[in-house]
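First up is the structure itself, then whatever we jot down about it.
Bear in mind these aren't lab numbers, they're just calculated from the coordinates by the rules spelled out. Small disclaimer: the values here were computed from a predicted structure and weren't measured. Here Cβ is always computed from backbone atoms with ideal geometry, including for glycine, and neighbour counts include all displayed protein chains.
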Amino acid sequence: MPALERLCEERLAALEAQSLRRELVEIESRDGVMIRVNGKEYISFSSNDYFGLSQHPEVIEANIEATKRYGVGAGASRLVTGNHHLYAPLEAALAEFKGKESALVLGSGYLANIAAITSLVGRGDLIIADKLVHACMIDGAKLSGAKLMRFSHNDVEHAEMLLEKYRGEYGQCLVMTESIFSMDGDEAPLKALHEVSKKYDTELLVDDAHGFGFPHLQTSLADVVVGTFSKAMGCYGGYISASNIKIESMLNFGRSFIFSTALPYGLISSINKSLELINQEKYFERIYKNKYYLCDGLKKPTIDHSGKSAILPFLVGEAADAVALQEKLKQEGLWVSAIRPPTVPQGTARLRITLNVLHEESHLSKLVEGLRKHG
Ligand SMILES: *Cc1c(COP(=O)(O)O)cnc(C)c1O
């Protein structure tokens, strides 16, 4: 066997021994929050499609109509021939929604973070990021060539200490965080981070992937907001919202924007529709209601009950125990994903519960029962 393949096998075996090996699970069908796997029905608590918009009839119809009219693939990057007229109203609406001058749509949230970070900072610059920011922000930081430092989760004093000590040694500086943290469901102290950033002549970049559609968040305090259409919007794709000149820079220097094909037309049309629905309906109220119901029912404390988001972490500790609990809940017809290192820090493996507007009280009480029995 070639040496490289043997090495791959050894690495996978090492993961297996730590209960960290990942594999794909085939979903046979999906209807609301119900999923079918291996012939069995489960209530799902692990979709980021919080508002159920991926299955909303109007969002689906928008996709079908645009696809019939314009075809499926965009055929080229937006800078070549892929800049369809559906983009202008979407980007104007996004800019307004985020309280910025301008917005740019890209292929995914991952690609949006890469473009935003690499087109703003480079060698000789500094990035100060929350310890728990998403992997794609770290990848963007590494690709940019800027020096990356981390501050303890939501610890503004620690961020300030780093700025005070090191800011002077670098050119530009970017502070990075998330509006709602993807694995803890808690909020970043955006106001305090904004103030500290300004004090040290630094810009604030916020990834709003899990905050979209939760209006209390002060993301407009950020200089750059990055986000995704794949979660609350129920679609796919990403965006950046910032000042005109920054967006122009990303269009010219953001390699993950320039060298990647534009999103399919049907999708852009669906995204426009989802945004319209989120502006009209107060989906977030239903999420809070479901979250409070669940928290009230659970004995065991989770990491943070208070985050006004769709995410509720149920802390377990060891990866093997989290996987065992996940399997026990499956036997009860409940689908809740175990999240293990390196996605979360060592010793904090957990079940990540996500609330959905389509969850009914009977679904929630079944989860409470399951967690009381096995958790
Ligand atoms: C999901 C997520 C992303 C990636 O977005 P995609 O559109 O799925 O590529 C980026 N940042 C955060 C914080 C996320 O949770």
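Here are the numbers:
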{"quantity": "Top of Ala319, Ala13, Ala349 by mean-square fluctuation, Gaussian network on the chain, Cα under 10 Å", "calculated": "Ala13"}
{"quantity": "Rg followed by Dmax, in Å, when region 1-67 is reduced to its Cα trace", "calculated": "19.1, 53"}
{"quantity": "Prolate/oblate/rounded call for region 161-284, Cα gyration tensor, a/c under 1.5 rounded", "calculated": "oblate"}
{"quantity": "Extension gain (nm, one decimal) between Val25 and Tyr288, 0.36 nm per residue minus Cα-Cα", "calculated": "91.7 nm"}
{"quantity": "Simple spin-label estimate for Glu248 and Glu361 in nanometres, 7 Å along Cα-Cβ", "calculated": "5.7"}
{"quantity": "Cα lying deepest toward the dipole's positive end in the chain, options Met1, Leu267, Val196, charges on Cβ", "calculated": "Met1"}
{"quantity": "Packing-based order for 332-342, 260-270, 173-183, using average beta carbon neighbours within 10 Å, highest first", "calculated": "173-183, 260-270, 332-342"}
{"quantity": "Exposure proxy ranking, count of Cβ atoms within 10 Å, fewest first, for Met250, Met1, Met34", "calculated": "Met1, Met34, Met250"}
{"quantity": "In nm, spacing of pseudo-spin labels at Glu327 and Ala76 (7 Å Cα→C-beta vector)", "calculated": "5.4"}
{"quantity": "Convex hull of the chain built on C-alpha atoms - directionally averaged projected area, nm²", "calculated": "20.4"}
{"quantity": "Of Ala93, Gly107, Gln326, farthest towards positive along the dipole that unit charges on Lys, Arg, Asp, Glu beta carbons give the chain", "calculated": "Gln326"}
{"quantity": "Top of Leu275, Leu148, Leu24 by mean-square fluctuation, Gaussian network on the chain, Cα under 10 Å", "calculated": "Leu24"}
{"quantity": "Choice from Glu203, Glu101, Glu28 with maximal GNM fluctuation in the chain (Cα, 10 Å cutoff)", "calculated": "Glu28"}
{"quantity": "Helix runs (DSSP H) in the chain reaching 18 Å along axis by Cα, Kyte-Doolittle at least 1.6", "calculated": "none"}
{"quantity": "Computed label-point distance, nm, for sites Glu65 and Lys142 using a 7 Å Cα→Cβ extension", "calculated": "4.4"}
{"quantity": "Cα-derived Rg over Rh, computed across region 143-218 with Rh taken as Kirkwood radius", "calculated": "0.97"}
{"quantity": "Candidate lysines for bridging to Lys289, where Cα separation is under 17 Å - those fewer than 8 sequence places away on the same chain excluded", "calculated": "Lys308, Lys366"}
{"quantity": "Rounded to the nearest 20 debye, dipole of region 1-76 from Cβ charges on Lys, Arg, Asp, Glu", "calculated": "100"}
{"quantity": "Potential extension, Arg255-Asp201 segment - 0.36 nm per residue separation minus Cα distance", "calculated": "16.8 nm"}
{"quantity": "For region 15-155: rounded, prolate or oblate by the Cα gyration tensor [a/c cutoff 1.5]", "calculated": "oblate"}
{"quantity": "Span from the region 209-272 Cα centroid across to the region 332-375 one, whole angstrom", "calculated": "29"}
{"quantity": "Farthest toward positive dipole pole in the chain [+1 Lys/Arg, -1 Asp/Glu at C-beta], among His153, Ser119, Ser29", "calculated": "Ser29"}
{"quantity": "The chain - charge dipole about Cα centre, Lys and Arg +1 at Cβ, Asp and Glu -1, debye rounded to 20", "calculated": "320"}
{"quantity": "Cα centroid separation, region 1-78 to region 169-187 (Å)", "calculated": "27"}
{"quantity": "Student exercise, region 180-308 dipole from Lys, Arg, Asp, Glu Cβ charges, in Debye to nearest 20", "calculated": "340"}
{"quantity": "Using alpha carbons only: equivalent-ellipsoid semi-axes of region 258-375, gyration tensor based, whole Å", "calculated": "30, 20, 13"}
